[in-house]
1. Between a first residue in the stretch 16-36 that is closer than 22 Å to Gln48 by Cα and aliphatic (A, V, I, L, M) and a second residue that is at pLDDT 85 or above and surrounded by 10 or more Cβ atoms within 10 Å (Cβ to Cβ), which pairs have beta carbons less than 6 Å apart while being 6 or more apart in sequence or on different chains?
2. Pick out, from the stretch 47-113, the helices (runs of 4 or more DSSP H) lying fully within it that include 2 or more residues that are at pLDDT 80 or above.
3. In the list Gln44, Gln39, which residue meets the criterion of being polar (S, T, N, Q), part of a helix (DSSP H, G or I), surrounded by 11 or more Cβ atoms within 10 Å (Cβ to Cβ) and modelled with pLDDT under 95?
4. Take the residues in the stretch 39-78 that are among the charged types (D, E, K, R) and out of contact with any helix residue (DSSP H, G or I) (no Cβ under 6 Å at 6 or more places or on another chain), then tell me which one is farthest from Ser3 (Cα to Cα).
5. What single numbered condition from (1) within 26 Å of Ser3 (Cβ to Cβ); (2) at pLDDT below 80; (3) in a loop (DSSP other than H, G, I, E, B); (4) of a type outside the set (S, T, N, Q) fails to hold for Ala30?
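The values are calculated or read from the model by the stated rules, or taken from the named source; none is laboratory data. Since the structure is predicted, the reported quantities are computational estimates derived from the model, not experimental observations. Note: ideal-geometry Cβ built from the backbone for every residue, glycine included; neighbour counts use all protein chains shown.
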Amino acid sequence: MSSDGPVAAALYAFAKEIRRKADPGRTRPATQRNGEFRQQNLEQLAAQAEGLAANPRKATYQGFERILKQAEDLGAPAERDIVIAVASAFMQRPYVPERRFHSSNEAKSPERG
């Protein structure tokens, strides 16, 4: 598994957790309209998390944290184990500055000679 694989797996688990908490049968909001609003927003947050998981090389912890905060604000905090798994996956991923990554690819380019 690449170094981005654990990040993707943890983000997919996070998205699944948000989607599970979006289930209207799990909570009883004050009105049906509030429940629909909450469900739609949680579904959108789950889709955003899946978007991060689909491109884990570009995913950032800050992006995850933003989604996490919004889910918490909607009364759907993620399980502690999932948050720890996402944080651990990001911490274990080697850091390569994007600028350095591009310059090393350019140096290997056959056009540069």
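1. Pairs that qualify, where the first residue is closer than 22 Å to Gln48 by Cα and aliphatic (A, V, I, L, M) and the partner is at pLDDT 85 or above and surrounded by 10 or more Cβ atoms within 10 Å (Cβ to Cβ), are Ile18/Leu42; Ile18/Leu45; Ile18/Ala46; Ile18/Ala71; Ala22/Gln39; Ala22/Leu42; Ala22/Glu43.
2. Working: elements: 61-73, 80-92, 98-107.
Correct list: 61-73, 80-92.
3. Values: Gln44 fails: modelled with pLDDT under 95.
None of the other options fit; the residue is Gln39.
4. In the first step, residues of the stretch 39-78 are kept if they are among the charged types (D, E, K, R); the result is 43, 50, 57-58, 65-66, 69, 72-73.
When the remaining residues are screened for being out of contact with any helix residue (DSSP H, G or I) (no Cβ under 6 Å at 6 or more places or on another chain), the result is 43, 57-58, 65-66, 69, 72-73.
Numbers: Glu43: 28, Arg57: 9, Lys58: 13, Glu65: 20, Arg66: 23, Lys69: 26, Glu72: 28, Asp73: 31 Å.
The qualifying residue farthest from Ser3 (Cα to Cα) is Asp73.
5. Result: Ala30 passes all but (1).
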